[in-house]
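The next block holds one structure in the form of structure tokens; read it before the comments.
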Amino acid sequence: MKMKFILGLFSVLLVSMTLAFHTASAKTVLVNEMDSTNPFKRGDVTKVTMKDGFLVHKNDQLSSSDVYWDNAFQYDNTKDYEISVRYDTSLASSVADLDLGLLRITKSTVNWANKGVYIKDGTSWKRVGTVDPNGDFIWKLVYKADKTYSLYQNNTSILENQPITTLPQSTTFTFNSMASNGSTKIDYVRISDNIPDAPAAPKSLTATAQNNTPVLNWSAATTATSYTVSRSVYANGPFEDIAQNLKDVTYTDASAKAGNTYYYVVKASNESGISPASNTASVTLEAPRSSLDVIIAPETIKVGETFTADIALKNVQDIYAEDFSLSYDPTLVQYVGYEAVTGYKVYNETKDTPGALRFIIASQGKSFVINSDTTIVKLKFKAIAAGSAKIDALKARVADTTKEYDLETANVLEDTILIEKPRFLDVDRSGQYTLLDLSLDAFYFGMNAADTNKDLHDADQTEDDKVGDDDLTYIVDQILQNKEYAPNK
């Protein structure tokens, strides 16, 4: 009578990870082990006994031709396995065929065509050793998720790190022994996760400035799953983490500031720990150039309208005083005056020559030191003729509390504004500006545009819906530029 002794399924702790195949050293984390003291602690083990330090599963009736443990263990091909078994070939009838799922040993030709030791390669069996018909051996198979195996006989290496073409699919294995007296001797089955050691330090870290921004590159560290970049303004640290959980071997430090030198190190991580730091790489970013900028907000205005040109210092450090000059086209715009900015006082305004201005300005206390982009004065202009008007800063000198220096000419800037022509030429529509146009607007002075005789006259020259000084000023400017006007002939 054939009987089945069932250990049942044992629970294997599954680790939520997909292991990359590699050849680096790894930590063995025991998931489960079957041995004499722990036959998986599942199922009916009353027929399991100890003999010579081995776990023996023995049939009640020695005449049985088949003894096996159903569902002996759940094989997971992301884990590593060690199987150790005693195979006694000295007894003619014992253990003719032994099948442990990944390891199979036979000395008969009844069930197998060839005697020997076999390991599982995908769905096939691969013959890797021979069996001595008169020996009693302990065979051990180390079967790894990196698609290699090693075979030992009585703790002596027979094969080391041999390749497997394909890992078997994860499944449930049954231990099976076919023999007339039916005994199966298991030393142990050890199931382990293949967890890599903490990675080595990343190598070949470099830091270069691309568009004045640090870009880091380094060589991948074996077994690393992520990287951390740390930065310091000192060559020997301390270093502060600025990027974590990076998957690529490159990083752009967008938070770096121009004009500084930075030092970087990179560390690699995996589930086992963090590597030592890489080599230190440094990069120096070009300092921004100090400038005096002219900023005109509107792009287009009409004749008669006013506009503001902000004068601002940029990319300077600890500045308290400024001396600068600029030019403008007096035929297109008229300088009206300036508006002071809180904290910065104009101590000199030179405007004697039309088209030329000079200012000397100083901060009002250390709370108004200039260390960032700062507007120091607002200049007011009025458009008096159509065209492209340029407000051009010509030269500038600045001073901190220890020195004064001139800004580079290329960094003393300018800005332009487009002044549009009015939709008409003159008040009486004669085609040129004369004293009559001025007289007509003098008549309409103070009136709303709607109250003027629009059928005959365009009195609202500046198009602000009323006739006032700006209209008369504009007319006079046009008369002076009219070479056909009688006094100019």
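The values are calculated or read from the model by the stated rules, or taken from the named source; none is laboratory data. All of these numbers come straight from a predicted model, not from anything done at the bench. FYI the Cβ positions are ideal-geometry reconstructions off the backbone, even for glycines, and counts take in every protein chain you see. For accessibility, only protein heavy atoms count, side chains too; no ligands or nucleic acids. Shrake-Rupley method; radii C 1.70, N 1.55, O 1.52, S 1.80 Å.
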Cβ crowding within 10 Å averaged over residues, with 322-329, 159-166 ranked highest first = 322-329, 159-166
query = What ranking, highest mean first, results for peptides 380-386, 440-446, 209-215 when packing means the other Cβ atoms within 10 Å averaged over each residue?
reply = 380-386, 440-446, 209-215
inquiry  = Less than 12 Å Cβ to Cβ from Arg358, Lys/Arg counted +1 and Asp/Glu -1: what total charge do the surrounding residues give?
reply    = -1
key: With DNA, RNA and ligands ignored, accessible area of Leu407 (1.4 Å probe; Å², nearest 10)   = 20 Å²
remark   = If each part is reduced to its alpha-carbon centroid, region 358-428 and region 434-456 end up apart, in Å, by 36 Å
inquiry  = Order 361-373, 135-147 from most to least packed using the mean count of other Cβ atoms within 10 Å.
reply    = 135-147, 361-373
remark   = Counting every C-alpha pair in region 115-158, the percent lying more than 15 Å apart is 45 percent
inquiry  = For a 25 Å ceiling on Cα separation, which of these pairs sit above it: Lys421/Lys466; Lys421/Lys454; Lys314/Lys395; Lys380/Lys483; Lys203/Lys247?
reply    = Lys380/Lys483
note = With a 1.4 angstrom probe the carbon and sulfur portion of accessible area for region 359-489, in percent, totals 51 percent
inquiry  = Compute the distance from the alpha-carbon center of region 123-170 to that of region 219-246, in whole Å.
reply    = 42 Å
Chymotrypsin sites (Phe, Trp or Tyr not before Pro) within region 208-304, DSSP loop, no more than 12 other Cβ atoms inside 10 Å = Tyr234
inquiry  = Cα atoms only: what Rg and Dmax, in Å, come out for region 301-452?
reply    = 19.7, 64
inquiry  = Restricting to DSSP loop positions (anything but H, G, I, E, B) with no more than 13 other Cβ atoms inside 10 Å of their own Cβ, which trypsin sites (Lys or Arg not before Pro) remain in region 387-436?
reply    = Lys403, Arg423, Arg429
ask   = Hey, got the Cα dimensions of region 273-390 along the principal axes, in Å, largest first?
value = 73, 34, 21
request  = With an 8 Å cut-off on Cα pairs and a minimum separation of 6 or more residues, tell me the relative contact order of region 364-489 in percent.
outcome  = 19 percent
ask   = Which value, in Å², gives the accessible area per residue of region 219-300 when a 1.4 Å probe is used on the protein heavy atoms?
value = 54 Å²
query = When the Kirkwood radius is taken over all Cα pairs of region 228-326, what Stokes-Einstein diffusion coefficient follows at 4 °C and 1.567 mPa s, in µm²/s?
reply = 72 µm²/s
query = How about region 399-489: which GluC sites (Glu not before Pro) there lie in a loop by DSSP and see at most 13 other Cβ atoms within 10 Å?
reply = Glu408, Glu484
